[in-house]
Amino acid sequence: MPVADEHISHTEVCSIIKREIERLPHPYRLILNLYHFEEIKYEEIAQILEMPVGTVKNYLYRARRKLKQYLLRRMSEQELVG
């Protein structure tokens with residue numbers, strides 16, 4: 001049943017990603033959610049949050065970088081345990 005194994009793995013990965021997103025500082029988490037999950041453009045996010053577009057882009061970059069660090073650390077920990 002490789003399909004079932006892939007589904008479980010995908011579910012686990014989604015769960016890990018959601019938990020790690022929740023660890024992000026509030027402004028990073030908010031902008032990441034607005035951009036990637038709500039599919040709102042930079043300019044609209046800037047208007048909603050009343051901040052310059054450059055700041056929105058910078059926060060999104062930092063959020064992605066921090067999320068990547070969290071996920072890489074999480075994967076390393078799991079590899080050590082497993």
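The values are calculated or read from the model by the stated rules, or taken from the named source; none is laboratory data. All values reported here derive from a predicted model rather than from experimental measurement. Positions of Cβ are generated from backbone atoms using ideal geometry, with glycine treated the same way; all protein chains shown enter the neighbour counts.
Figures for the structure shown
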item	result
Any pair with Cβ under 9 angstrom, 6 or more apart, that starts in segment 41-56 at a residue that is touching a residue at least 24 places away in the same chain (Cβ under 8 Å) and of a type in the set (A, V, I, L, M) and ends at one that is exposed (fewer than 13 other Cβ atoms within 10 Å of the Cβ) and in a helix (DSSP H, G or I)	Val56/Glu43
Residue among Tyr35, Tyr59 that alone is touching a residue at least 24 places away in the same chain (Cβ under 8 Å), hydroxyl-bearing (Ser, Thr, Tyr), in contact with a Pro (Cβ under 6 Å, 6 or more places away or on another chain) and in a helix (DSSP H, G or I)	Tyr59
Filter result (of a type outside the set (D, E, K, R) and farther than 13 Å from Met75 by Cα) within segment 16-25	Ile21, Leu24, Pro25
Unique match (being modelled with pLDDT of 95 or more and on the phi > 0 side of the Ramachandran plot) among Glu50, Glu44, Glu38	Glu50
